[in-house]
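A.B. asks: Have a look at this one before I ask anything.
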Amino acid sequence: MRRWAAIILTSLMLTVPVAPAASAQIGQPDIIQEHWYHSYLTLTLDVQAWASDYPEIVVLTVAGETELGRNLWVLKISDWAQNLKPDGTEKEVVYIDGGHHGNEHLGTELAFLTAEFYIEGWAAGDQEVIDVLSTTELHILIMLNADGNDIDTRWNINQVDLNRNYDHYWNTCPTTQPGSSAFSESETEANANYMNTMVSDADLYVTMHTGVWIMLYPWGKWPQQPSDWELFHFIRDDVHANISDIPIRNANQGLYPNCGTSRDYGYGVMGFPTFTFETDDEQFLLGSVEAISDRLGEELDVMRYLIQNVWYWRARLVVESIEIGDGLVDAHVVNLGRASTSNASLHYMDSSGELLWQSSMFGINATNETKVSLDARNLTLVEGGTWSINYQKRVIDASMWVNESVDESVIRNKGGGSGLLPAPSMLLVFVAFALAAINSRNRKFK
Ligand SMILES: [Zn+2]
């Protein structure tokens, strides 16, 4: 453990600007770190020490400021020696925040412990951590409501409930103090800006609170299950079978109806798979002998599971085969992910990437596969043409679109050279003959 003697330093830091250069000199004894909650000041010292001590994996940035001008620190944790995964694809992205409510200290500490697990695990050579950081970016904003944390209150300094201030059905339900308008507060505006600009392709967002011991998925606004219920139910069942008995429910039914929350915004506007992670409310541990890291050991295990498996929290389509002929494209598509998609289509481009044809939409359920026959009467194959599959990563309208190329080895032209298939139009006959000619010198059309 390498952190800070908060008590000793507090008096110094009141008059001296926070200096990262000083941070590597004094380690905070475990007995303090494990039995005190973070203030804004001790958090600032800790995140700066991490950035100073582990520049190869920790980049410290600022998402914005609180209403009183405190920095909203974000730790960006990954193996920054590699911008891509070892296989050359983009890294997965995870977003975590804590401390919307300034008096919910245990939930804020869970965000801190999650960062600590990966940073100190890296330093210790933990293989799980090395694997995660080579494939994943973690973005962790530990304390959103630093002003409220200072005075141990739920609200921010303007007496607003930050977790009712987001622009998703803002103030459309019986609610606690939601502010004068959506994003009226600098903290929530900054958090949403960070989501939209820095982590918009995240496949997991966890927002940490303290209250009833429960994990809540969308919606808070409505009692109905969310469009991506298969994904949330899979995670629920897997966590219960292997890790923890923590209840996992939709927020509206599992806790109470609410609106304008960061969870509903994260899912409904950003399209992230989102959980509110509530630690229990027995958080007054001062004087107890139990360490915070022991206290939250089970919760951290759940976080490790969600992060380690982030690759699965979306649809992952693999095209097994494409057969072209008879005015149809027959495709066999497998979904390796745990989320369904309802808006998949095949695209055919010329060698310059211009779209020449696209199929109608089809859906594929989570961990399932489908064989579709797609109308292709207006498809004209060209030399050097390429195929891709275009789809939304999840079912929810807001989820991101991806376009992934199809391996050319799975594409077969039934009309090419066999002469067996009657073409439905003169155009197709022409295409088939043209392809037969191309076939002899271009291995793209097998
Ligand atoms: Zn809360």
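The values are calculated or read from the model by the stated rules, or taken from the named source; none is laboratory data. In this text the structure is predicted, and so the values were computed from the model without any measurement. In this analysis, Cβ positions are derived from the backbone assuming ideal geometry, glycine residues included, and neighbour counts consider all displayed protein chains.
A.B. asks: Can you pull out the residues in the range 99-132 that are polar (S, T, N, Q) and at positive phi?
C.D. replies: none
A.B. asks: Name the residue that is nearest to Ala339 (Cα to Cα), counting only residues in the range 402-416 that are surrounded by fewer than 16 Cβ atoms within 10 Å (Cβ to Cβ) and free of Cβ contacts under 8 Å to residues at least 40 places away in the same chain.
C.D. replies: Only one residue fits best here, namely Ser405.
A.B. asks: Which of the residues spanning the range 211-233 are in contact (Cβ under 8 Å) with a residue 24 or more places away in the chain, aromatic (Phe, Trp, Tyr) and surrounded by fewer than 19 Cβ atoms within 10 Å (Cβ to Cβ)?
C.D. replies: Trp213, Trp222
A.B. asks: Where in the range 252-347 are there helices (runs of 4 or more DSSP H), lying fully within it, with 3 or more residues that are buried (at least 18 other Cβ atoms within 10 Å of the Cβ)?
C.D. replies: The helices (runs of 4 or more DSSP H) meeting that bar are 262-268, 297-308.
A.B. asks: Identify, from the list Val239, Val206, the residue that is crowded, with 21+ Cβ neighbours inside 10 Å and aliphatic (A, V, I, L, M).
C.D. replies: Val206
A.B. asks: Further question: If Val160 meets every condition in (1) touching a residue at least 40 places away in the same chain (Cβ under 8 Å); (2) within 18 Å of Glu67 (Cβ to Cβ); (3) of a type in the set (A, V, I, L, M, F, W, C) apart from one, which number is that one?
C.D. replies: With respect to (1) touching a residue at least 40 places away in the same chain (Cβ under 8 Å); (2) within 18 Å of Glu67 (Cβ to Cβ); (3) of a type in the set (A, V, I, L, M, F, W, C), Val160 is out only on (1).
A.B. asks: I'd like the residue in the range 77-90 that is within 20 Å of Ile142 (Cβ to Cβ) and of a type outside the set (Gly, Ala, Ser) and, out of all such residues, is farthest from the ligand (Cβ to nearest atom).
C.D. replies: Among those residues, the one meeting the criterion is Trp80.
A.B. asks: Can Gln28 be described as within 24 Å of Ile292 (Cα to Cα), at pLDDT 95 or above and out of contact with any strand residue (DSSP E or B) (no Cβ under 6 Å at 6 or more places or on another chain)?
C.D. replies: The answer is no for Gln28.
A.B. asks: Next up: State whether one or more residues within the range 299-319 are within 30 Å of Tyr118 (Cβ to Cβ) and within 16 Å of the ligand (Cβ to nearest atom).
C.D. replies: For the range 299-319, residues within 30 Å of Tyr118 (Cβ to Cβ) and within 16 Å of the ligand (Cβ to nearest atom): present.
A.B. asks: Which numbered condition trips up Ala63, out of (1) farther than 22 Å from Glu120 by Cβ; (2) touching a Leu at 6+ places or on another chain (Cβ under 7 Å); (3) of a type in the set (A, V, I, L, M, F, W, C); (4) modelled with pLDDT under 90?
C.D. replies: (4)
A.B. asks: Sticking with this structure for a sec: Step by step: first the residues of the range 284-330, then only those that are among the aromatic types (Phe, Trp, Tyr) and modelled with pLDDT of 95 or more, then the one that is nearest to Glu90 (Cα to Cα). Which residue is that? It would help to see each step written out before you state the result.
C.D. replies: Of all residues in the range 284-330, those among the aromatic types (Phe, Trp, Tyr) come to 284, 305, 311-313.
Still in the list and also modelled with pLDDT of 95 or more: 305, 311-313.
Values: Tyr305: 20, Trp311: 11, Tyr312: 14, Trp313: 15 Å.
Among them, the one singled out is Trp311.
A.B. asks: Pull up the range 91-109, narrow it to residues that are in a strand (DSSP E or B) and within 16 Å of the ligand (Cβ to nearest atom), then point me to the one that is nearest to the chain's Cα centre (by Cα).
C.D. replies: Ile96
A.B. asks: Also, I was wondering about something else. Can you pull out every residue in the range 120-166 that is buried (at least 20 other Cβ atoms within 10 Å of the Cβ), under 17 Å from Leu110 (Cβ atoms) and within 22 Å of the chain's Cα centre (by Cα)?
C.D. replies: Listed by number, the residues that qualify are Leu138, His139, Ile140, Leu141, Ile142, Met143, Leu144, Asn145, Asn163.
A.B. asks: Still on this structure: Can you find, within the range 343-361, the residue that is nearest to the chain's Cα centre (by Cα) among those that are within 15 Å of Leu374 (Cα to Cα) and among the polar types (S, T, N, Q)?
C.D. replies: Filtering first and then ranking leaves Asn343.
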